[in-house]
Structure formats: C-alpha cells, structure tokens
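The values are calculated or read from the model by the stated rules, or taken from the named source; none is laboratory data. Note that this is a predicted model, so its numbers are computed, not measured. Cβ sites come from the backbone with ideal geometry, for glycine too, and all protein chains shown count toward neighbours.
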Amino acid sequence: MSTRSVNIVVPEMAENSKVSVPVNEADRGDPEEIDEVLIPARAFECRNCPNDLKYKSTFIDRPDYTRVEKPNTQRKVLCGSSDLGYFIWVRSSKGTFYDWETFGGAGWNWDGTMENLGTGGHLQITHAELVPELVAFPRIADRLNDIKEYVQTKKDNGGKDPFGPAGKPYFEVDFVPLFPDAFQWHFPVPNEGNWLTVIADLMRPVSKPGFVTLQSADPLVDPYINITFLENNLDEVALREGIRFIDDMLMTGDGFKDSISEDDPWPIPRNLNEEMGKLILEWSQTGFNPCGMYRPSRNIKEDVVDEQSKVHGFKNLRDIDASVFPDIPDCKNPECCLHGW
Ligand SMILES: Cc1cc2nc3c(=O)[nH]c(=O)nc-3n(C[C@H](O)[C@H](O)[C@H](O)COP(=O)(O)OP(=O)(O)OC[C@H]3O[C@@H](n4cnc5c(N)ncnc54)[C@H](O)[C@@H]3O)c2cc1C
C-alpha cells in the first residue's frame, strides 16, 4: 500500500464509513506486528531485511562498463518507500510542468497543479515562497561550452540546452551531514571527525530511459530492472563538470574553504578527466525516486491510466502512486509531490 493511499485515502475513509478499500500488499499482511513499520523513526531498519523488496538492478550497462547491484531498496510493507524518504521538497520549474501537460492535459500543467502542489491540496505543504521558475543553480553551461560533444548535441537539439531546456535546473546539490547510509553503503564511516557528504544530482540526464521488464505473472518474482545510467557519455561529462563546480565552491568558496580540511575516503582526481570518469562510473548512485512507469495516456494502447489516473477500461479503478507522474519532478521529489497531489 503506497504513500498516498495511507496518507490521503485512509483519512478520507474515516469521514465516509461506507467506502471500503481492498488492500493488496507485496508480502507480509501483518504490519501491526512490525515495530520498524509502526514506529517511523525505525523505518530505516527495514532496509536490507525481510521487509525490503531489495531489488536487483542493473545501474550501468555500457559496453565498457557494467554494474549490477543488490539491494535497490523499496520497503515491502505498509507505506512503501515513503517512510524512507527524507522529505526534501522543492517545487518543480515551470518548464517541467509544461512537459507534464503533453501527457496529462491542462490539469497537469503549472496552473493545473498549482492548487494542489501549492496550498490547496489534501495535505497542506508549507513553502518558503513559490517562485515562478527555479533559478538554475549551479549552471555549468560555460564549462560545457568548451566541450565538443556538448556543443554538437546542443546544435542537434535546435540550439536548446539538452540538460536544461526551458530554464530547468542542471543539478540539485544535497548537503548531507554524516553519511547517508541509503546512498553510501559502499563506504566505511570514519571513526572520528565531523563529515559532510555533498551529492551532485544531474537532474535531466540525456541517457535513454531505464526500463523494467516483468519476468513472471507471479507478483513475487523480481522484475528485471535496468536503470541505464550514463548510457550517453554526455551525462558523464556533465557530472564531471558539475562535481568540479561544486568542488571549487567547497574548496575555495568563502564560508566553506576554512571548514573543509580533507577528502574521504581519498582525494578526488580533480584535474584528470579519465580518472574522474572512472570515479563517476564507480560511485554514481540512484536517489530511489522511481516514477513515470505509466504516464497519463489517451487509451490502453498508449499506456495504463487516463489523465485522471483511472485505469483504461475500468470504471472505478485509479492508480494513485508516483507511477502516473508524466516525468520525474525537478529536484527529485516524487514523494512530497504525492502528498500535495
Ligand atoms: C532513501 C530514500 C530517500 C528518499 N528521499 C526523498 C525525499 O527527500 N523527497 C521525496 O519527495 N522523495 C524521496 N524519496 C522517494 C519516495 O520515498 C518515493 O518516491 C515515494 O515513497 C514513492 O511512493 P509511491 O506511493 O509511488 O510508492 P511506495 O510508497 O513505495 O509504495 C509502493 C507499494 O507497492 C507495494 N508493492 C510493490 N510490489 C507489489 C506487488 N507485486 N504486489 C502488491 N504490492 C506491491 C510496496 O510494498 C509498497 O507498499 C526517497 C526514497 C528513498 C528510498
């Protein structure tokens, strides 16, 4: 049972006792018996244990480099991944909502979503202030303009920036105190000192979309998941320059340079393109924000649900999780979008 079902549908059921909702869970039917499910602060203990779907996933699948990993976490039980989220929330840029409109119609564009993702939705989301368009920070176009591959791709794209058309941001930069275990289980936590992880998220990669293939009609058999990260070499180039931009800011910027003293687990090869590329292949990770598995569509030949999230061919069946988002929101916040939507 997904985030939105629990947080939105269940309270509404409390107001209308005539409604009944069948609950179909991936495995265990006894969430009330599991402390890690009932106590939100213990949610992370579900990771990599029997309450985790622990998907095996191909992250990178290139002729020169392949990386298959397990576990790709998704909570198996009540509330799915929602209790694992960090509740980071930044509203998407206008351009992204206009892309959503292509699939879902006017109800999915900037104006159509304003009501629910602003202040009028089922759950109130308190913002600092809604900005009409995300200010692209950091923009690295100046650095990319020196790179032949980027210049050619932009030209082929009719002069539009392939990473940030319509003013969309290139990167989200996450400053995470200590070690976020969900993203960095590969690295040992240092025994002493105060550490900060800075994650550079490329918001609009140009690699071809990943895919999931069902391997059996049995819902308990794992699907084949291929995320196709870095399939297009331009993503590697953009990440390299983005990491350098952030590295410069940390190592030379006022307010940062005096507080940061060393790299962990070892210095990044800042000035070497090839070595930086290797590091990106080895260290890149998912933000665990899958969505857009079946976008709004006109009929069943195109996809599963219509623009009101009703399953084609059924009268009273809706899908209400992040699968129906036409595309990933900027700053990868599907969960928080779900709460407002
Ligand atoms: C570590 C981490 C950090 C995150 N940080 C953020 C953040 O800061 N901000 C943000 O907005 N988002 C964040 N997210 C993403 C967010 O948690 C998810 O996008 C959101 O919870 C997805 O909601 P959903 O309703 O689509 O799916 P889920 O809440 O995952 O629900 C899917 C449900 O389907 C069930 N299920 C799966 N397979 C079957 C089956 N075969 N039969 C029956 N049931 C099945 C699952 O058990 C689950 O209960 C984070 C995620 C993770 C893992």
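Pairs are defined by a Cβ separation below 9 Å, a sequence spacing of at least 6 or placement on different chains, a first member in the range 272-293 that is exposed (fewer than 15 other Cβ atoms within 10 Å of the Cβ), and a second member that is aliphatic (A, V, I, L, M); the pairs so defined are ASN273/VAL237; GLU275/ILE268.
Report yes if GLU231 is assigned to a loop (DSSP other than H, G, I, E, B) and under 20 Å from the mean Cα position of the chain (by Cα), otherwise no. Yes; evaluated as a whole, the condition is true for this residue. Please verify whether GLY313 is assigned to a loop (DSSP other than H, G, I, E, B) and crowded, with 16+ Cβ neighbours inside 10 Å, treating the condition exactly as stated. Against the criterion (assigned to a loop (DSSP other than H, G, I, E, B) and crowded, with 16+ Cβ neighbours inside 10 Å), GLY313 does not qualify. Filtering the range 286-302 down to residues that are of a type outside the set (Ser, Thr, Tyr) and within 11 Å of the chain's Cα centre (by Cα), which residue is farthest from the ligand (Cβ to nearest atom)? Looking at the filtered set, the residue picked out is GLY292. Check the range 317-331 and report whether any residue there is more than 10 Å from the ligand (Cβ to nearest atom), polar (S, T, N, Q) and modelled with pLDDT under 90. Among the residues of the range 317-331, not one is more than 10 Å from the ligand (Cβ to nearest atom), polar (S, T, N, Q) and modelled with pLDDT under 90, which makes the answer no. Return the residue satisfying two criteria in turn: it lies in the range 1-21 and is part of a loop (DSSP other than H, G, I, E, B) and at pLDDT below 70, and of such residues it is nearest to the chain's Cα centre (by Cα). The residue in question is SER2. Selection over the range 30-75 of residues that are more than 11 Å from the ligand (Cβ to nearest atom) and part of a loop (DSSP other than H, G, I, E, B) gives a count of 9. Within the range 230-240, does at least one residue satisfy the condition of being under 27 Å from GLN215 (Cβ atoms), buried (at least 19 other Cβ atoms within 10 Å of the Cβ) and of a type outside the set (D, E, K, R)? Yes, some residue in the range 230-240 is under 27 Å from GLN215 (Cβ atoms), buried (at least 19 other Cβ atoms within 10 Å of the Cβ) and of a type outside the set (D, E, K, R). A count restricted to the range 76-91 and to residues that are charged (D, E, K, R) and either within 6 Å of the ligand (Cβ to nearest atom) or under 25 Å from GLU33 (Cα atoms) (or both) stands at 2. Return the pair list, or none, for Cβ contacts closer than 7 Å from residues in the range 15-27 that are under 19 Å from LYS76 (Cβ atoms) to residues that are at pLDDT below 70 and surrounded by 10 or more Cβ atoms within 10 Å (Cβ to Cβ), at least 6 apart or on different chains. Every condition considered, the pairs that remain are VAL23/MET1; GLU25/MET1. Just one of the listed residues (VAL311, VAL305) is without any contact (Cβ under 8 Å) to a residue 24 or more places away in the chain and within 23 Å of the chain's Cα centre (by Cα), namely VAL305.
No other residue among LEU178, LEU220 is at pLDDT below 80 and surrounded by fewer than 17 Cβ atoms within 10 Å (Cβ to Cβ) apart from LEU178. Only residues that are exposed (fewer than 14 other Cβ atoms within 10 Å of the Cβ) and farther than 25 Å from PHE87 by Cα were counted in the range 25-49, giving 4.
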